[in-house]
Amino acid sequence: MDKFEYFTGLPEVGIVPRAPHVGPLLEHVHEQEHGRGGFAGRVSHTYHLYPPNNWLPGETLVLEDWAPHWESPLRPLGGVHHALGVARPPEPSDVYRGMARLVANATVAMNVTAPTAPMDYFFEHHSATLVVFVHEGGGTLETLFGPIAYGRGDFLVVPKGIPHRFECAAGPQYYWVYESFAGDPEKSEAPTTGQFITHSRSDYRFPRTLDTRNEAGRFEIVSKVGSVYTRRVHPTHPFDVVGWRGDYLPYRFAVEDVRPLTADRSHVPPSGHTVFTLPGCYLCVFTVRAAEKEGMWLPFFHRNLDYCETIGYHWGDFFSRGGVIREGMVTVHPVGLPHGPQPAALQVFMDGHRPTLHREVGIMADFANPAQISEYALGLSQPDYMRSWGAYTTDPRFTHRAGRLGEVRAVAEGLADARDELRPRSDTP
Ligand SMILES: [Fe+2]
């Protein structure tokens, strides 16, 4: 070995000075800082061919009604469960102009988009970090830090403020888009199970291939702050970056890299499947996993007393939903209102049948109270969802009968001395 090689303490790609703000290179390229926490938090630096403020004078414009469903008015939510049908935004619409808000609280919003048209502009969200889940479709997310290829089942995290553009591949596209207004997603991990359950930081894919554009023309950037959309125009391509350094970066995370916690002899609560926490929200993945061998394999009846629950159904049988839910739908279960398995699913459980596998992938985002629902979402709400538990009032197995208390007492008496068996039955002589 004729020389030693080194890592620096921070990710970096391309042409960068030896430290931020330092060295003679800065007389030749233009440094831009992307800083959170008033420049005291996470930060990255990009190094540009041209000054990033080179917008054309007189071309900046506030855009009215640019993404009308993204600003769909919010309404109070409570006491009624909703199942939202698959959204069909007006065509043609691109990723952001066709964005439709579904549910929001003060710090997080959930949206849906089904783009059919290309983005002929670049986008910067100035008030939220975006977590995109690709339910259907794929393409390339072009970012200031380089391109990220993505496909069905990928999460894309686009930090607040970072210029980007979706280059969608041919075919249907359908994304759930979570906006986090008060902080970036934090990887969730429990103190007792460590950093590799339910996924590892090594599962995150950051851009490493710079695609530096030295191009002249008219390049439009649309930014969003709250409900204000503004367009500015630059005479050079915004991805004129020759190098970057830092840890404030976009990345991809594949849903198949979630390695779920399972419990043979109990039932892992939904929170055990959390992958990201956001201020005022936690985001979970229910993925394909072994069914509980002894414990309750069906979700128990529950009421979430602090959060409104949403689940986007990505793939699978969704057995506990009793056949009501199809892929692409979203359920919204407001704070406090009990829910649980539909009657058909509970019957299977009570009959002692037990699957070996949970064949499902669902993305759950739970919103701290108070959460609201949009008028757009109310327009997708299926009228019969509350009736899907209706058999609990008609099926004789679940309705009132005079002898019910006595039956339960008798069963309980018979089970009073029952103990769990630790040794598999096959071991018993
Ligand atoms: Fe729930």
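Taking Cα centroids, how far is the stretch 367-429 from the stretch 37-55 in Å? That distance is 54 Å. Note that the chain carries a Kirkwood radius of 24.1 Å, evaluated over its alpha carbons pair by pair.
Solvent exposure of the chain, expressed per residue, is 49 Å² of accessible area, with all protein chains present and a 1.4 angstrom probe. Here's the picture: charge each Lys and Arg Cβ at +1 and each Asp and Glu Cβ at -1 in the stretch 307-367, and of THR331, VAL348, VAL361 the one pushed furthest to the positive end of that dipole is VAL348.
Seen from all directions on average, the stretch 12-160 presents a Cα convex hull projection of 12.4 nm². The distance from the alpha carbon centre of the stretch 177-221 to that of the stretch 279-322 is 25 Å, rounded to a whole number. When the chain is treated as a GNM with alpha-carbon contacts under 10 Å, the residue of ALA40, ALA410, ALA109 showing the greatest mean-square fluctuation is ALA410. In the chain, the DSSP-assigned H stretches of four residues or longer account for a calculated mean residue ellipticity at 222 nm of -1500 deg cm²/dmol, using -39500 (n - 2.57) per stretch and the full residue count as denominator.
Considering only the other residues whose Cβ falls under 15 Å of the Cβ of VAL268, what net charge follows from Lys and Arg at +1 and Asp and Glu at -1? Combined, the nearby Lys, Arg, Asp and Glu give -1.
Using equal-weight Cα scatterers in the Debye expression, the normalised intensity of the stretch 44-108 in log10 at q = 0.18, 0.20, 0.21, 0.24 Å⁻¹ is -0.92, -1.00, -1.03, -1.13.
Local charge for GLY153 was computed over the other residues whose Cβ lies under 14 Å away, with Lys and Arg +1 and Asp and Glu -1, and equals -4.
Take the Cα coordinates of the stretch 2-99, assign each an equal point scatterer, and use the Debye formula without solvent to give log10 I(q)/I(0) at q = 0.12, 0.24 Å⁻¹. Relative scattering, expressed as log10 I(q)/I(0), comes to -0.79, -1.28.
For the stretch 185-307, the alpha-carbon coordinates run over 65, 33, 24 Å along the three principal axes, in decreasing order.
Legend: Rg and Dmax of the stretch 343-429, from Cα coordinates, 20.6, 64 Å. Could you check what % of the DSSP bridge pairs in the chain are antiparallel, to the nearest 5? Looking only at bridges with both residues in the chain, the antiparallel portion is about 95 percent.
Each Lys or Arg adds one and each Asp or Glu takes one away; over the other residues whose Cβ falls under 10 Å from the Cβ of PRO52, this sums to -2. In the stretch 171-211, a dipole from Cβ-located charges (positive for Lys and Arg, negative for Asp and Glu) runs towards its positive end, and of SER188, THR209, TYR175 it is THR209 whose Cα lies farthest in that direction. Springs between Cα atoms under 10 Å define the GNM used for the chain, and in it the highest mean-square fluctuation of THR209, THR393, THR287 occurs at THR393. How many percent of the accessible area of the chain is carbon or sulfur, using a 1.4 Å probe? It is 54 percent, rounded to a whole number.
Solvent-accessible surface of protein heavy atoms, probed at 1.4 angstrom with all chains present, puts TRP66, TRP55 in the order TRP55, TRP66, largest first. Springs join every pair of Cα atoms under 10 Å in this Gaussian network model of the chain, and among ALA182, ALA418, ALA149 the largest mean-square fluctuation is at ALA418. Translational diffusion of the stretch 104-209, estimated by Stokes-Einstein from the Kirkwood radius over alpha carbon pairs at 4 °C in a medium of 1.567 mPa s, is 87 µm² per second.
Where the alpha-carbon atoms of the stretch 81-153 are placed on the principal axes, they occupy 41, 28, 23 Å, in descending order.
The percentage of C-alpha pairs in the stretch 306-355 whose separation is greater than 15 Å is 52%. Using θ = phi - 60° in the Karplus curve 6.51 cos²θ - 1.76 cosθ + 1.60, the 3J(HN,Hα) couplings for the stretch 108-122 round to 9, 10, 10, 10, 9, 8, 9, x, 10, 10, x, 7, 9, 8, 9 Hz; x is entered for Gly and Pro.
For PHE196, the accessible area of its heavy atoms, probed at 1.4 Å with every protein chain present, is near 130 square angstrom. The order of the peptides 43-51, 2-10 by mean Cβ neighbours within 10 Å, most packed first, is 43-51, 2-10.
Within the stretch 252-402, the ratio Rg/Rh, alpha carbon atoms throughout and Rh by Kirkwood, equals 0.96. For the chain, averaging the sequence separation of C-alpha pairs within contact (under 8 Å, six or more residues apart) and dividing by the residue count gives a relative contact order of 20 percent.
The values are calculated or read from the model by the stated rules, or taken from the named source; none is laboratory data. Quantities reported herein were computed from a predicted structural model and do not represent experimental measurements. No Cβ is skipped: glycine too gets one built from the backbone with ideal geometry, and neighbour counts run over all protein chains shown. SASA here: full protein model, heavy atoms, side chains in, ligands and nucleic acids out. Shrake-Rupley method; radii C 1.70, N 1.55, O 1.52, S 1.80 Å.
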